[in-house]
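Notes for the one structure printed next.
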Amino acid sequence: MAIARTCINHSVGFDLRQLVRAAMTSGRSDSSRGDVVTEFERRFADSLGASECIAFPFARSAFLATLRSMDLPPDSEVILPPLTIRPMVDAVRSAGCRPVVVDIDPETLLFDLAELDRCLSEKTSAVMITYLFGIASDPRPIIEAARSVGARVVEDFSHNLGATIEDRAVGTFGDVGIYSSSATKTLDTYGGGLVITDDEQLTARLRVAQSELRHPPRSRLVTKILRTLLWNITSRRGMWTIATFPLVRLLRRRHPSLEQAISGAGRRSGRSTGPTDSWFERFTPQQAAVGLELIPQVDSITCSRVFNAEQIRATLKYLGVPVPTGSERGHSVFWQCVAYIEDVDRVQTGLASDGIDTAGTNLELLCDCDPGSCGHPVGRAVKRHALYMPCHPGVSSRMLERIAWSLVRLRPQASISLGPHSGGTGRA
Ligand SMILES: Cc1ncc(COP(=O)(O)O)c(C=O)c1O
């Protein structure tokens, strides 16, 4: 049996039921049940210890609404990491601000503090911290630096739901935390951008922005569910083994760029398209009802991931392969179990021949979309050398043994640019 790199955290039957429901409900009639959205927002905020949650259709639209609600001076700068989704840059530009990309530290995957200090100025109005791969790193030194120039702080914890620093949830340290509840995420509501905050003024403004969102057409949710359903069916163990994985491997051999385009792993930043209509449509009551049903499962999904990732990381440690460490005071959730490997193509091919699917991050390297900005060597190296292995709840102890044996057989080489002596400060 082949092992898929990731999984959808609900059953095919669940997707089918939601599909029927979405097809039978028009966006407008369903939206009369706004109390379900309020209930979901309350439960999500409570689960993280935040005062408020305001739901948007995507993390990108939540980010745009947040920046607009912060009343930032026109042409001020917003600091972003080199690896995130490109629409975050579109959001910054749409808010009338200028994106500035600051490199990250390989151990924490948060901003490199020395470089952040160099880039912060009185022009900086906001800093977007992006936690990667479920690694819990302490954001407080970054927040302190941002506040010293009067900048607001947004935390994107889409990869880190449930991660904590000294028992406090990541996403609750800055002014605002944003979680994308898109497909394959630990909490997946067929898309969604959930803002959490304790700031009353921002909450009031975000509520106004939320009330101005339009009712989505019925086809919008149907399409999102269909996409998830397809992914769900094709990544189920049997289907993955007999059809999907052989196809992935064939494409990887014959048309690597096509395989990367489909998986997203090779996605390069193209020209910005700017916000589309779908950014400004409501998070629906059906999505909220899905969230209410799935919130109770988050802890057990996270426990399985942590258990599986710790086994794989023990093997990597034995082999001397570096991994991001995060904070000693943190509890990581390993949304993806990443290793920094120099000969990443050889190892990926070797693991695939043992039936183990792995991938690089599908996040985009933002510096690629700005020809003037060619720095950010750590971001670039993470994009090139970070390989994630399956650690999702569908990975059994037998599969973990296979992954360990395969890694031992292949002996991956430690990444030169991301290893312990590569110059990462590890301070955050
Ligand atoms: C770090 C990060 N932020 C945000 C998103 C998604 O945002 P959106 O909900 O706008 O698609 C992703 C997608 O996987 C992500 O990896």
Please indicate, with yes or no, whether at least one residue in region 72-85 is polar (S, T, N, Q), farther than 30 Å from residue 338 by Cα and more than 15 Å from the ligand (Cβ to nearest atom).
yes
Within region 339-366, restricting to residues that are within 16 Å of the ligand (Cβ to nearest atom) and in contact with a Ser or Thr (Cβ under 8 Å, 6 or more places away or on another chain), the one that is modelled with the lowest pLDDT is 366
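Kindly evaluate residue 188 against the criterion of being out of contact with any strand residue (DSSP E or B) (no Cβ under 9 Å at 6 or more places or on another chain), among the charged types (D, E, K, R) and within 11 Å of the ligand (Cβ to nearest atom).
Working: out of contact with any strand residue (DSSP E or B) (no Cβ under 9 Å at 6 or more places or on another chain): yes; among the charged types (D, E, K, R): yes; within 11 Å of the ligand (Cβ to nearest atom): yes.
So residue 188 passes the test.
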Any chance residue 240 is within 15 Å of the ligand (Cβ to nearest atom) and either over 25 Å from residue 54 (Cβ atoms) or at pLDDT 95 or above (or both)
no
Among (1) within 15 Å of the ligand (Cβ to nearest atom); (2) modelled with pLDDT under 95; (3) among the polar types (S, T, N, Q); (4) not in a loop (DSSP other than H, G, I, E, B), residue 260 falls short only on (1)
Qualifying positions in region 1-27 - closer than 21 Å to residue 235 by Cβ, modelled with pLDDT of 95 or more and more than 27 Å from the chain's Cα centre (by Cα)
none
Are there any pairs with C-beta distances below 9 angstrom linking a residue in region 54-70 that is of a type in the set (Ser, Thr, Tyr) to a residue that is within 11 Å of the ligand (Cβ to nearest atom) and assigned to a loop (DSSP other than H, G, I, E, B), with the two at least 6 apart or on different chains, and if so which?
61/275
Looking at the structure I just gave you, is residue 231 within 20 Å of the chain's Cα centre (by Cα), among the aromatic types (Phe, Trp, Tyr) and away from the ligand (no atom under 11 Å from the Cβ)?
yes
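Could you list, in sequence order, all residues of region 164-185 that are away from the ligand (no atom under 13 Å from the Cβ) and either at pLDDT below 95 or outside any strand (DSSP E or B) (or both)? Don't jump to the end; show me each part of the working.
First, the residues of region 164-185 that are away from the ligand (no atom under 13 Å from the Cβ): 164-169, 172-176.
166, 167, 172, 173, 174, 175 - these are the residues of region 164-185 that are away from the ligand (no atom under 13 Å from the Cβ) and either at pLDDT below 95 or outside any strand (DSSP E or B) (or both).
The values are calculated or read from the model by the stated rules, or taken from the named source; none is laboratory data. Because the structure is predicted, anything quoted here is derived from the model rather than measured. In this analysis, Cβ positions are derived from the backbone assuming ideal geometry, glycine residues included, and neighbour counts consider all displayed protein chains.
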